[in-house]
2 protein chains.
Amino acid sequence: MGADQEPVAKKTWQELQAAKAAERNSRIPEEWKLKADQLPSEDVVDLRPIVSSCGILSSAELAITGEEYDASSLAAAIAAGKFTAVEVVTAFCKRAAVGQQLCNMLTEIMFADAIKRAEELDGIFKTTGKTVGPLHGVPMTWKECFHFKGYDSTNGYMSRVFQPADHTSPLAELLQAAGAVIISKTNVPQTMLVAEAHNNVFGQTKNPVNSRLSCGGSSGGEGSSQAFRCSALGVGTDVGGSIRIPAACNGVYGYKPTFGVIPMIGYSYSGWTGSNTGIPAVSGPLGHSVRDLALFTDVVRAARPWRFDPAVIPNIMEMEPVSRKPVVGVIHASGITPHPPVRRAVREAAAKLAAAGFEVRNFTPPDLLGVRDVSEQLFTLDGLSYPKRECARSGEPPVPSVLKIGFWDMPAKTQEEAWAWNTKKGDIQKKMLDEWQRVGCDVVLSPVGPHTAPKPGEWTNDHYTVVWNVCDYPAVIMPFTHADPALDPADVEFKPMHEADKKNQDLYDPELFKGAPVALQIVGPRLGDKQLLKDAQLLDSVLNGTA
Amino acid sequence: MGADQEPVAKKTWQELQAAKAAERNSRIPEEWKLKADQLPSEDVVDLRPIVSSCGILSSAELAITGEEYDASSLAAAIAAGKFTAVEVVTAFCKRAAVGQQLCNMLTEIMFADAIKRAEELDGIFKTTGKTVGPLHGVPMTWKECFHFKGYDSTNGYMSRVFQPADHTSPLAELLQAAGAVIISKTNVPQTMLVAEAHNNVFGQTKNPVNSRLSCGGSSGGEGSSQAFRCSALGVGTDVGGSIRIPAACNGVYGYKPTFGVIPMIGYSYSGWTGSNTGIPAVSGPLGHSVRDLALFTDVVRAARPWRFDPAVIPNIMEMEPVSRKPVVGVIHASGITPHPPVRRAVREAAAKLAAAGFEVRNFTPPDLLGVRDVSEQLFTLDGLSYPKRECARSGEPPVPSVLKIGFWDMPAKTQEEAWAWNTKKGDIQKKMLDEWQRVGCDVVLSPVGPHTAPKPGEWTNDHYTVVWNVCDYPAVIMPFTHADPALDPADVEFKPMHEADKKNQDLYDPELFKGAPVALQIVGPRLGDKQLLKDAQLLDSVLNGTA
């Protein structure tokens, strides 16, 4: 294997860490930096209002980056000549700069290149009267694990710093060709297997909605980025909940496609390349509306990505979805009982849908804790030999949240053991399909996890999300309500089913969780992505009153 | 793991072999047995004419089972009341009985149950005036690796004899529900990884077209069965060429689908279940026309198999294919130079298509010998621990053709090694896709192998077929010509590229191979199965003058 097994450098990992932090800091213009007295004290929970009070963004820039717009309407406004791409991109870069100083969600900052690209786009628009594509001038942020030529792709490994990529990931190129402007990459956890965004290269990311709670992960930087509105549209990846958990924690929308819908080729692996753990990772968007998730998907599919990525399934998304009121299967709880705000959200959503004339039926998935057991074996087929090797190369230690999920010490599996775990996975897939057929539902409504965002490093149970990776079903995350001590008192009559159930419920603290976003997970059948995105728009309109 | 790891019985494997042979023989009625003086001498090459001369089938039965009909026209004749299901099924059972005595291609004979089922179908037709489905009364044979309730599923392992299946494979149930009548299962090689049909349970299958040459495999029993017309339609499986090689060897049609088109759930594994070698096995038909391959596929897809098999891709086949003259990429040779008859077949086919106005372009695949190296590593991830265990349980030895392919002594791979091989596989897939795009072809025309059927046990190079499993592209096998010493003299000017190339060309003997079927392989893009089947019908009409 050669050079990549050798120790990285003469420098210690702490020296590399400092150099990398200096590089990142140098990419934020001085005039966009918060003054010392503008930095919030530890007891400030909601960090978002600071963007308005700090004075770095003009009122026009606050409006462009504010809740009035999603990516779809922003693209329309640029295409209509209401804003230039430079205006929009600059506004978002400034907002992202503020977000970074408050929440530490950015990794490779690309503001200078972004504004230059926006100028080019404005030039083209001025000359031709046409946009280059449906995302002309739309600022995007991307999870660290995509390559952008000239920028590092560390995935939070110290062994990979100061090794700029020699190419841009094809998915990113595709979106750029449609007019998107990339303003930064966003933070991830070491190993990318944790529902956090903490590593030795970039540090820990904060949740801007409630700074005391986790930003989730592994696309945690992107979840934080979207919640702070650092960009109009973000991209993450998901192999166990890594798009959905941060979308839920930070109160934004997210979509985990079925494998084969969105190209993954040429992205930056965080383990052995070509891994066939039996659970495929997928890319997908995080953003501010269901229609933005659909816009992203439509742009990607319109580029016919099966022409360059052998894993992409052709034509499957090109059939028109039908207009319908989907039959909704509901999972209230499985394996671990959710915290009161999560239970309330699912209960209220189901009631609201029933009241609006939707057929709502109970759905009983295969035991989700059993599913989780299978997934953690499949995620550790190699005994995490890749991250261990990378840490050894730089001398950096595993961060606490990596050790906490319990993967670190799991042994490597033989081929026979791997195949036995894959057989169990197949049994789960069959049970899920049989239940779906038995219930006769079109979508499933489920919690995203057994809690809202917990304290940083405490999201250790991914069983409500990983099951849909194991089964490879698409899922949309939709914000729905917020934790409210008045509505969500601790459940004093709670009878735990087992120790893990007790431990989870003990985490609930109505005051700590106050205001935490509570999201819903809407799941569709495997490869039913196009119809799911349409169904989710309808459900969102009923549940959230969106247009 | 328990009971299945224990030695099977008090009986030796030779005693079990004799008991199994007696059981099979007892399932052929005495009046369908050839007399000693009707058995051909060793020097009879073409065994097919014996079905006409032996007197066991009436002239009506010879007509029903003869070349006048394919499955499509037979189904139409039954539906029109021209034949009863009992007439048709009985005729094929008799023909299969004769075939078995000449070629040894059957494993679990089901004649009695088949005729009983045909009587039921006739009763339904008489009562309702309707068929039960599009295959009403059509006799089928199935590769040994499918389960049929009440019959063994040994896959040629002595350790599995006299353990009847407790269920029927869902794919078989689906075809039965459409009216198909199963008359027998057909032979396979020990391990199912060899292009042969030889195992200790059922012995060696012969090629009815040229008894001195191999029947191919692993669906070798089915290839032989279709060539002898033991049934109207057969089913095989293919992970490296196992449908295509026997179809080519025996001069019949065959179709290897993309993975996810035809359900595989609930069939009888020949290795560890749930294996994720990275190269998925698929099921598909062997038969007498391209339209029969399409009929099979349409029947399967019409049953919406994604409702019961989580691996099946929905909707992908439900888009209407277009009428077109496909642009044809041609592979004349790669890795090992084909024998003269194979070179001639591809050359003549390409010329015939060009003359008919098709655009024909050269296609250069990734190095096929390199592809083969990757596939053999992926096929032996476990060091063949499963077949070794099964052999140890009964005490049976590996048969010579299993030892000859060189898999038997390959070591087990670590997870890291497995992932490295899968990375190479991904590189091959990408190169193939890039070449497909560069050439701009709709289908590829290729040899099936570096020779026609060789002597039994000598098909050891599957690189012209396994590449399409590695890349997961669908392929249709189409008979085209026959080896002819006058047209295909040995190539005296041949300059071998390497030792394997020389060894292959040395195998060529114009007199031995005389009359051997020479087939073409027509490949479509991944998941372009529906269009490929339509394109193949057009190509067949041009190349073979079929309607």
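Among A:Tyr267, B:Tyr269, B:Tyr464, a tally of other beta-carbon atoms within 10 Å of each Cβ gives an order, fewest to most, of B:Tyr269, A:Tyr267, B:Tyr464.
The mean of 1/r over all pairs of different alpha-carbon atoms in the stretch B:151-280, once inverted, gives a Kirkwood hydrodynamic radius of 15.1 Å. Annotation: extensible slack from A:Ala354 through A:Glu417 equals 18.2 nm (criterion: 0.36 nm per residue apart, minus Cα-Cα distance). Taking θ as phi - 60° and the Karplus parameters 6.51, -1.76 and 1.60, the scalar couplings of the stretch A:164-174 work out to x, 5, 9, 8, 9, 4, x, 4, 5, 4, 4 Hz in sequence order, x denoting glycine and proline. When the square roots of the Cα gyration tensor eigenvalues are ordered a ≥ b ≥ c, the ratio a/c for the stretch B:83-170 is 1.5 or more and a/b does not exceed b/c, which makes its shape oblate.
Expressed as a fraction of 2.2 N^0.38 Å, the value expected for a compact globular protein of N residues, the C-alpha radius of gyration of the protein assembly as shown is 1.01. What the phi angles of the stretch B:431-448 give under the Karplus curve with 6.51, -1.76 and 1.60, with θ = phi - 60°, is a coupling list of 4, 5, 4, 4, 5, 4, 5, 4, 6, x, 9, 9, 9, 10, 9, 8, x, 8 Hz, glycine and proline written as x.
Take each residue in A:260-269, count the other chain C-beta atoms within 10 Å of its C-beta, and the mean is 1.
Take B:Ala22, move 7 Å from Cα toward the beta carbon, and the resulting point lies 8.8 nm from the same point in each other copy, nearest first. Bridges between two residues of the protein assembly as shown, per DSSP, are antiparallel at a rate of about 65%.
Could you give the length gained on full extension between B:Ala36 and B:Leu507, defined as 0.36 nm per residue of separation minus the Cα-Cα distance, in nm?
Values: separation 471, 0.36 × 471 = 169.56 nm, distance 3.40 nm.
Answer, rounded to one decimal: 166.2 nm.
Going by a ≥ b ≥ c, the root eigenvalues of the Cα gyration tensor, does chain B fall in the rounded group (a/c under 1.5), the prolate group (a/b larger than b/c) or the oblate group? Verdict is rounded for chain B.
What number, rounded to the nearest 500 deg cm²/dmol, is the helix-based mean residue ellipticity at 222 nm of chain B, given -39500 (n - 2.57) per DSSP H run of at least four residues and division by all its residues?
-11500 deg cm²/dmol
Taking a 21 Å limit on the Cα-Cα distance, which of the listed pairs B:Lys35/B:Lys455; B:Lys35/B:Lys94; B:Lys206/B:Lys514 fall beyond it?
Over 21 Å Cα-Cα: B:Lys35/B:Lys455.
For the stretch B:382-510, the Cα-based Rg and Dmax, in that order, read 18.7, 53 Å. From least to most packed, judged by other beta carbons within 10 angstrom and beginning with the fewest, A:Asp43, B:Asp46, A:Asp488 follow the order A:Asp43, B:Asp46, A:Asp488.
Determine the distance separating the Cα centre of the stretch A:259-298 from the Cα centre of the stretch B:442-513; give it in Å without decimals. Distance between centres, Cα-based: 41 Å. Relative contact order for chain B: 16 percent, from Cα pairs under 8 Å spaced at least 6 residues apart, divided by residue count. In order along the stretch B:36-48, the phi-based Karplus estimate (6.51 cos²θ - 1.76 cosθ + 1.60, θ = phi - 60°) of 3J(HN,Hα) comes to 3, 7, 8, 6, x, 6, 4, 8, 7, 8, 8, 8, 5 Hz; Gly and Pro are listed as x.
Sorted fewest first by neighbouring Cβ atoms within 10 angstrom, A:Ser270, A:Ser184 come out as A:Ser270, A:Ser184.
For B:Thr546, the residues 5 or more places off, or on other chains, whose built amide H falls under 5 Å of its own are B:Ser541.
When each pair of different Cα atoms in the stretch A:340-387 is counted once in the 1/r mean, what is the Kirkwood radius in angstroms, to one decimal?
On the way: mean 1/r = 0.0713 Å⁻¹.
Hydrodynamic radius (Kirkwood, Cα pairs) of the stretch A:340-387 is 14.0 Å.
With a ≥ b ≥ c taken as the square roots of the eigenvalues of the C-alpha gyration tensor of the stretch B:1-117, please select rounded if a/c is under 1.5 and otherwise prolate if a/b is larger than b/c or oblate if it is not? In terms of gyration-tensor shape, oblate. Distances between copies of B:Ala60, taken at a point 7 Å out from Cα along the Cα→Cβ vector and listed shortest first: 9.3 nm.
Database remark: amide H of B:Val181 closer than 5 angstrom to the amide H of B:Gly137, B:Val138, B:Met140 (H placed geometrically; neighbours at sequence offset of 5 or more, or on other chains; Pro and chain starts carry no H).
Checking the Cα-Cα distances for A:Lys425/B:Lys430; A:Lys20/B:Lys430; A:Lys352/A:Lys425; A:Lys116/A:Lys185 against a 24 Å cut-off, the pairs over it are A:Lys425/B:Lys430; A:Lys20/B:Lys430; A:Lys352/A:Lys425.
In this calculation the C-beta distance from A:Thr364 to A:Glu320 is compared with R0 = 22 Å, giving a FRET efficiency of 0.10.
Amide H to amide H, with H built 1.01 Å from N, A:Gly383 comes under 5 Å of A:Ala412, A:Lys413, counting only residues 5 or more places away or on other chains. Mind jotting down the distance between the C-alpha centroids of the stretch A:74-118 and the stretch B:10-32, whole Å? After rounding, the separation between the Cα centres reads 78 Å. Within 10 Å of the Cβ of each residue in A:303-316, the mean number of Cβ atoms contributed by other protein chains is 5. Among the GluC sites (Glu not before Pro) in the stretch A:428-526, those located in a DSSP loop and surrounded by at most 16 other Cβ atoms within 10 Å of their own Cβ are A:Glu493, A:Glu511.
With its label point put 7 Å out from Cα toward Cβ, A:Asp367 sits 5.1 nm from the same residue's point in the other copies, in order from shortest.
Just so you know, all these numbers are worked out from the coordinates, no wet-lab data involved. Just so we're clear, the structure is a prediction, and the values are computed from it rather than from any experiment. When we count neighbours, we look across all protein chains shown, and the Cβ atoms used for this are built from the backbone with ideal geometry, even at glycine.
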